[in-house]
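Peer 1: To start, I am sharing the structure in question, which I have written as structure tokens.
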Amino acid sequence: MKKLLSALFVLALCSSMAAANVPYSSNCVVSPCDALNGAVVCPDQPTVLTQTVVNMTIRNQANNPIPGAAVNLTFLNSTNLCICNTMIFNGTTDNSGKLTMTLRAGGCLNGVDQALVIRANATLVRNFKNVKSPDWDGVAGNCVVNLSDIVRFAPQSDLCFDFDNSGVVDLGDVVIFAAGYNPAHFCTKM
């Protein structure tokens, strides 16, 4: 009986230790993407747009941070997106379960399943259906925010410029577009 109890204790201990490294999506934070209901991406030269800096906190079901979690970002393979050669897709959380990544890209995926998928320790943390950039000429991103993008933006009717996914292109979206356009952002494609 003692051996059985010892084996059950070891099994329970191993199970709880394994669960400690399994992310629990509801307890994880992906900011500002959670508030925007999607991701804002933009070429990163000459500066990084604030909205493209993603701060993640990866937590388990007990709401404890997971240090050393392997985080991976995957964009939908689409001709609409232009990924900058400085884009990093993998990272590891620090001792507080935190990781910061910058989304360096152009283009638009509006309402598309798996536009941006975030996994930690191979567990799904987020599946965003919106990835939007000031670099959008109506066909694709080309890793340069330029005149073709402002021509598309000017009527403010293209929901690819609805960066907060509110259903309309409003003042908040204008501010994000303007930051990418002046100065004109660019990068070298991957």
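The values are calculated or read from the model by the stated rules, or taken from the named source; none is laboratory data. Here the structure is a predicted model, which means the values were calculated and not measured. Because the Cβ atoms are built from the backbone with ideal geometry, glycine has one as well, and the counts that use them run over all protein chains shown.
Peer 1: List the number of the failed condition for L8; all other conditions in (1) at pLDDT 95 or above; (2) more than 22 Å from A184 (Cα to Cα); (3) of a type outside the set (K, R); (4) exposed (fewer than 14 other Cβ atoms within 10 Å of the Cβ) hold.
Peer 2: All conditions pass for L8, except number (1).
Peer 1: Then there is this: Considering only residues of segment 150-161 that are touching a helix residue (DSSP H, G or I) at 6+ places or on another chain (Cβ under 7 Å) and surrounded by 18 or more Cβ atoms within 10 Å (Cβ to Cβ), which is modelled with the highest pLDDT?
Peer 2: In this case the residue turns out to be F161.
Residue-by-condition table, conditions (1) surrounded by fewer than 17 Cβ atoms within 10 Å (Cβ to Cβ); (2) in contact with a Lys or Arg (Cβ under 7 Å, 6 or more places away or on another chain):
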position: V53; (1), (2): yes, no
position: I58; (1), (2): no, no
position: N64; (1), (2): yes, no
position: P67; (1), (2): yes, no
position: N72; (1), (2): yes, yes
position: F75; (1), (2): no, no
position: T79; (1), (2): yes, no
position: T86; (1), (2): yes, yes
position: F89; (1), (2): yes, no
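Residues are listed down the side, and each one gets a yes or a no for (1) in contact (Cβ under 8 Å) with a residue 12 or more places away in the chain; (2) under 15 Å from the mean Cα position of the chain (by Cα); (3) surrounded by 15 or more Cβ atoms within 10 Å (Cβ to Cβ):
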| position | (1), (2), (3) |
| --- | --- |
| G97 | yes, no, yes |
| G111 | yes, yes, no |
| A122 | yes, no, no |
| A140 | yes, no, yes |
| F163 | yes, yes, yes |
